[in-house]
Every structure is written in structure tokens, then in C-alpha cells.
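Notes for the one structure printed next.
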Amino acid sequence: MNKILDQLPYSNERGLVLVQGQSIPVMAHPIIVWVAISVKDTIRLPESVSCIPAILDTGNTFGFSIAESQLIEWTGLRADSLEVLGPMLINRQELNRHAADVWLCRNQRGKRDVFQDEPFRLELRDGIAIYPSDRPIASPRLPLLGLRAIDENGLRCTINGKNRRVSLSAS
Amino acid sequence: MDFYLTDEQHRLVETEAGRPIHVIDPATDRTYVFIAQEQFERLRPLLSAGSQASHSPSKLAGAIPHGIRRSQEAYWRDLPELLSLKSPEYRWVAYRGDDRVGFGRTSAELYAQCVHQRGFKKDEIYIDRVEPRVLPPWEAEEIDSPFDHGEVSVPRHSS
């Protein structure tokens, strides 16, 4: 079994997640995972690419979505450098889907913010949704990794509410 | 304002026998759907309801590069046939315009083949799964996301 998230903890209290020197407040209970984003023809993710936090949100029915401001500030990628694949409506707001690869950063067992081994590439047929900065559109506080990413890649997700741990693996 | 069909367009309408016809404005790549008056009247209430929704027409809509759009149309056209070919080696398929470039186990493998080996531009190819789709890839799917509409914590980029 190909472990991606190994007993990754989540908290029932508010907290912070540190991303590139910024402390981002996190509500109680969201499952924070770390991802990297790359242009679509990336063969191997360069070591210099930073992982950024995202919420594993099984209530979200898309694969991956991110605010344009976060994309630029945290990954250095510009939306206009990622080919548009089509439009979509999220909560009745019209956005574009862009071609990009999302990589899930593997955690050290039981630790949320410590990584190990090479990230796992998620193959998302519809690309990623980007909330544009130039329109008054409500965007999520953190990027969202939705159920479709798990489903489409045939991943197995276990959420253990007894010890607040999440595991994710590929077969 | 009324437009009159050319003979060629009239023949196309007859051939399609009531099915919607996609009309593309080459200047903007925006797609329009041509339907009969009676079909439009049936849809009118839905369109009125839609105009009251919170989203406004995106200035990004229709921004699919022309080459990708052509490739998507070829993929959508061939999808019924592709589904019958699906296998572990044929999980993904790549198109460049009307041409099917090939199949692969992963999209990464196909991107590498198209871009790095064959020198195709990324804005002229389309790679998708050999899986059913509800809508053509260029149309807007509606998604539910029950996220917290809080302020984004990162400063807005000024460009």
C-alpha cells in the first residue's frame, strides 16, 4: 500500500498554520493537508517547490480550488500561466478551471507539518479552480482539496474520530 | 435584431433535427447555443431565474484557448468510442485539434509525450480521462462547496 497521509492529526481547537512566514488562523476540526502545485508538464517536482496548506474537505464536490492571491503569494504561479480548461460554477460563482498538477505532501507518521519522501501526484481531469482576485468573489480561507480528488485517484481515506487522525493511501 | 440563415446553415439546422447547435465567435472564442424559438420559450423561465443568481457573467468565460477548445470538441465527439477502448494502458487520452495523439496510463505520461517529446504547445492539446463525462469539458459544471466564506488571509496581489 502506498501511504500518502499517515496518521495525520487534526485538532478540535482553533489553531494556526504557518505558511511562508505567515500565521494563518485555522478553525477547529478542519483537516489540514499540505500540497504543492505545478504546471501540467512537470515530470518531477523540484525540491525547491514549497508545500502549502489546504483543507481536505469531503463536502466539496470538486477536486482542488484556490484563491488567485494564494496561488501567487504561496506558489509563485500566475493564473494566466496555467491554461484555461473551461468555466465552472461554485456556489453560483463563475470561475475558470486551469490545467495544473496538485501534489500531496506526505507527512511523517502522526505529524501534520513534517514531510517525508516524494509528494504524490494527483491526476485531476478538470484541473484546478481559481478564484480570481479581480472580482468580488468570496473565496475559501485556505485552498480546498475536495472529494473528487480522492475519488478520481482511487484513494482510500480513513478518518478516525477517536484519536483525530486521518490516513490516506493509494493502492 | 434578426439574422437570416444562409443555405449552408439551413442545411445544418435540418441535419441536426432540433438538437442545439454550438456557434463559436472566432474573435472571442465564446460559444453560443442556437435553438428553435419554441425550445427557447420552454427555457425562458429558467434563464430568468438564473439571471437573479449571485454570479455575474465572467469576463474570463470563453477564455479557453482555441487549440484546447478544438481538441476538447474532438475528445467529446470521440468519447463514446473511447469508452469502449478503456483498459489499464488506455486510462487517459490526448488530442491535438482533430487528431488523437495517443493513450496513456497517466496524464503526466501523456503531457511528457506531447510537450517534451513531440514539441506540442500546451495551449493546443487536451488530455482527459477515458471516463464518462456529464457535460462537455468546455461547459460549466455546478459545484457545491459548503466552505466558510471568511476573508482570505493572504494579502491581495496588486498587478
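The values are calculated or read from the model by the stated rules, or taken from the named source; none is laboratory data. All values reported here derive from a predicted model rather than from experimental measurement. Methodologically, a virtual Cβ is constructed for each residue, glycine included, from the backbone with ideal geometry; neighbour enumeration extends over all protein chains shown. For the accessible areas, the whole protein counts, side chains as well, though only heavy atoms, and no ligand, DNA or RNA atoms are used. Shrake-Rupley method; radii C 1.70, N 1.55, O 1.52, S 1.80 Å.
Data overview
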item: Surface per residue (accessible, 1.4 Å probe) for the stretch A:31-153, Å²; result: 33 Å²
item: In order through the stretch B:93-102: 3J(HN,Hα) via Karplus (6.51 cos²θ - 1.76 cosθ + 1.60), integer Hz, x for Gly, Pro; result: 9, 10, 10, 10, x, 6, 8, 7, 6, x
item: Distance in nm between pseudo-label sites at B:Arg118 and B:Leu5 (7 Å out along the Cβ direction from Cα); result: 3.6 nm
item: Cα point-scatterer Debye curve for the stretch A:1-118, base-10 log of I(q)/I(0) at q = 0.15, 0.22 Å⁻¹; result: -0.77, -1.49
item: Subset of A:Lys40/A:Lys162; A:Lys3/B:Lys122; A:Lys3/A:Lys162; B:Lys86/B:Lys122; A:Lys111/B:Lys121 violating a 30 Å alpha-carbon distance limit; result: A:Lys40/A:Lys162; A:Lys3/B:Lys122; A:Lys111/B:Lys121
item: Residues B:Lys86 and A:Arg92, FRET efficiency given R0 of 30 Å [Cβ-Cβ distance, rounded to 0.05]; result: 0.30
item: Ranked by how many other beta carbons lie within 10 Å on average, peptides A:8-18, B:118-128 from highest; result: B:118-128, A:8-18
item: Accessible area buried at the B-A interface, both sides summed, 1.4 Å probe (Å², nearest 100); result: 4600 Å²
item: Number of partner chain Cβ atoms within 10 Å, mean per residue of B:67-78; result: 1
item: Cα-based equivalent ellipsoid of the protein assembly as shown: semi-axis lengths in Å, sorted from largest, via gyration tensor; result: 37, 24, 18
item: Residue among A:Ile150, A:Pro132, A:Gly15 farthest towards the positive dipole end of the protein assembly as shown, charges placed on Cβ; result: A:Gly15
item: 10 Å Cβ neighbours from other chains, averaged over peptide A:76-89; result: 6
item: Over chain A: helical MRE at 222 nm, DSSP H runs n ≥ 4 each giving -39500 (n - 2.57), nearest 500; result: -1000 deg cm²/dmol
item: By accessible area with a 1.4 Å probe, ligands and nucleic acids excluded, highest first: order of A:Met27, A:Met1; result: A:Met1, A:Met27
item: Loop trypsin sites (Lys or Arg not before Pro), the stretch A:23-96, which have at most 15 other Cβ atoms in a 10 Å radius of their Cβ (DSSP); result: A:Arg44, A:Arg78, A:Arg92
item: Chain A - Cys residues lacking any other Cys C-beta under 4.7 Å; result: A:Cys157
item: Peptide A:40-50 - average C-beta neighbours from other chains (10 Å radius); result: 3
item: Difference of contour (0.36 nm per residue) and Cα-Cα distance, A:Leu16 to A:Asp113; result: 33.8 nm
item: Of A:Ile159, A:Ile66, A:Ile55, the one that fluctuates the most in a GNM where chain A has Cα springs shorter than 10 Å; result: A:Ile159
item: Whole-percent carbon and sulfur share, accessible surface of chain A, 1.4 Å; result: 48 percent
item: For B:Val13, solvent-accessible area (1.4 Å; no DNA, RNA or ligand), Å²; result: 50 Å²
